[in-house]
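Student: Dropping the structure in here first, questions after.
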Amino acid sequence: MTEIATFAGGCFWCMVSPFDEQPGIKEVISGYTGGHKENPTYEEVCSDTTGHYEAVQITFNPAVFPYKKLLEIFWQQIDPTDNSGQFNDRGLSYRAAIFYHTEEQKALAEGSKAEISASGRFQKPIVTQILPAGTFYPAEEKHQNYYKKMPFHYNHYREGSGRTQFIRENWKKRKSDEELQKELTPIQFEVTRKNATEPPFKNEYWNHIEDGIYVDIISGEPLFSSLDKYDAGCGWPSFTKPLRRQELEERFDTSHGMRRIEVRSKASDSHLGHVFDDGPGPDRARYCINSAALRFIPKERLEEEGYGQFMKLF
């Protein structure tokens, strides 16, 4: 049994990846809602003449991923104190809102908004609206799953819009560098916190072939599987895809006179490595990752260490 959730959080390109690939999520569609014109186009909505919001509609299994967890993810993508747009995107179509489909969703949304207000996280009032859901019009195909179709442009846009920095500064609670310096080895600290690169062929996992998963050395978030690991001949662990894309953040990187896409862990804001387009998989991705940013969990220890949901992979 599935249900529908509808959220507006500014640019709908940026509201797909946080929900996509979560357990129990069947589909995430970008589209338009809340306005007065039937079947509006992207250009019409952006002109602020139709009254529509850019939004995403999520089909989910509440038994696997409850609506309350969707709300938690939603709030952590937006600036809930802004009712004139989101980040650098201004205008009516970029306003944030929760569109409820049932009275239960309405009550949960209002409760979550009250929790944010009472938390003291923000100095300004929480102004995100909670509105009854109306007709939802899917956006043009080119806007669907944009973060997958145009990853370079998407990540450049997301970073440039100010969204990534806002989320990092307002929603992520992380250990200080002083704390991490005591917990990590020197190379682990330099890689994860100072964006260093460890030597090729002289790191822990470059030729590691055991079955299991690789997790963030700091947060423990699951990042990659041995099933997607291959020898790219570069001297660093290489993967054709992450376990869950929503755990990663990709940024445009022009350091050292190069144009690259940096890969970071969302949970810890750790530098992991880079992603290139010369891999063997269907989307050509090669995630070139520093061993120092990872910890390996062998399949025999997945249950014991709290990663039992990944046993089915093996």
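Just so you know, all these numbers are worked out from the coordinates, no wet-lab data involved. As the structure is a prediction and not an experimental result, all values here were calculated from the model. Here the Cβ positions follow ideal geometry from the backbone for every residue, glycine too, while neighbour counts run over all protein chains shown.
Student: Which of Glu21, Glu54, Glu141 moves the most in a Gaussian network model of the chain with Cα springs under 10 Å?
Tutor: Greatest mean-square fluctuation among the candidates belongs to Glu141.
Student: Sticking with this structure for a sec: Keeping to pairs on different chains or 8 or more places apart, tell me how many lysine pairs in segment 43-169 have Cα atoms under 29 Å apart.
Tutor: Final tally of qualifying lysine pairs is 12.
Student: I've got another one for you. Mind sorting Cys14, Cys288, Cys46, Cys234 by how few other Cβ atoms lie within 10 Å of their own Cβ, fewest first?
Tutor: Ordered from fewest to most neighbouring Cβ atoms within 10 Å, Cys14, Cys288, Cys46, Cys234 come out as Cys234, Cys46, Cys288, Cys14.
Student: Same structure again: Tell me the net charge near Thr59. Cut-off is 11 Å between Cβ atoms, Thr59 excluded, with +1 for each Lys or Arg and -1 for each Asp or Glu.
Tutor: Counting the neighbours of Thr59, the net charge comes to -1.
Student: Okay, moving on. Please get the size of the charge dipole for segment 3-149, origin at its Cα centre, with Cβ charges of +1 on Lys and Arg and -1 on Asp and Glu, quoted in debye to the nearest 20.
Tutor: 300
Student: Let me ask you something else. Given H placed 1.01 Å from N in the peptide plane, which residues other than close sequence neighbours of Leu243 have an amide H under 5 Å from its amide H?
Tutor: Excluding prolines and chain starts, which carry no amide H, the hits are Phe224, Ser225.
Student: A follow-up question, please. Separation of segment 37-76 and segment 88-114 by C-alpha centroid, Å?
Tutor: Here the answer is 9 Å between Cα centres.
Student: So what's the convex hull volume per residue for the Cα atoms of segment 172-313, in Å³?
Tutor: Once divided by residue count, the hull of segment 172-313 is 119 Å³.
Student: Could I ask something else about it? Can you give the FRET efficiency to the nearest 0.05 for Glu300 and Lys124, using r as the Cβ-Cβ distance and R₀ = 45 Å?
Tutor: 0.35
Student: Fewest Cβ neighbours within 10 Å first, please rank Glu110, Glu198 accordingly.
Tutor: Starting with the residue having the fewest Cβ neighbours, the order is Glu110, Glu198.
Student: Once Lys and Arg get +1 and Asp and Glu get -1 on their Cβ, which of Pro80, Thr33, Gln22 lies farthest toward the positive end of the dipole of the chain?
Tutor: Pro80
Student: Now, a different point. Calculate, axis by axis, the spread of Cα positions in the chain along the three principal axes, and write the results as whole Å, longest axis first.
Tutor: 61, 41, 40
Student: How do His143, His256 rank when sorted from fewest to most other Cβ atoms within 10 Å of their own Cβ?
Tutor: Sorted ascending by nearby Cβ count, the order is His256, His143.
Student: Quick one: what are the phi-derived ³J(HN,Hα) couplings along segment 202-214, Karplus 6.51/-1.76/1.60 with θ = phi - 60°, whole Hz, x for glycine and proline?
Tutor: For segment 202-214, the Karplus-derived couplings read 10, 9, 5, 10, 4, 10, 7, 10, 5, 6, x, 10, 10 Hz, x marking Gly and Pro.
Student: Then there is this: Using the charge dipole of segment 172-313 (Lys, Arg: +1 at Cβ; Asp, Glu: -1 at Cβ; taken about the Cα centre), state which of Tyr287, His256, Gln181 has its Cα farthest towards the positive end.
Tutor: Toward the positive end, the furthest listed residue is His256.
Student: Dipole of the chain (Lys/Arg Cβ +1, Asp/Glu Cβ -1, origin at the Cα centre): which of His101, Gly306, Gly233 lies farthest to the positive side?
Tutor: So the residue furthest toward the plus end is Gly233.
Student: Just to check, using Stokes-Einstein with a Kirkwood Rh over alpha carbon pairs, what's the diffusion coefficient of segment 3-149 at 37 °C and 0.692 mPa s in µm²/s?
Tutor: Result for D is 215 µm²/s.
Student: With +1 on each Lys and Arg Cβ and -1 on each Asp and Glu Cβ, and nothing else charged, work out how big the dipole of segment 172-313 is about its Cα centre, in Debye to the nearest 20.
Tutor: So the dipole magnitude of segment 172-313 works out to roughly 380 debye.
Student: Then there is this: Say R0 is 30 Å: what FRET efficiency, to the nearest 0.05, do His101 and Asn207 get from their beta-carbon distance?
Tutor: The computed FRET efficiency comes out at 0.05.
Student: Expected output is a single nm value to one decimal: the length gained when fully extending between Thr49 and Asn195, i.e. 0.36 nm times separation in residues minus the C-alpha distance. What is it?
Tutor: The Thr49-Asn195 span can extend by a further 48.1 nm.
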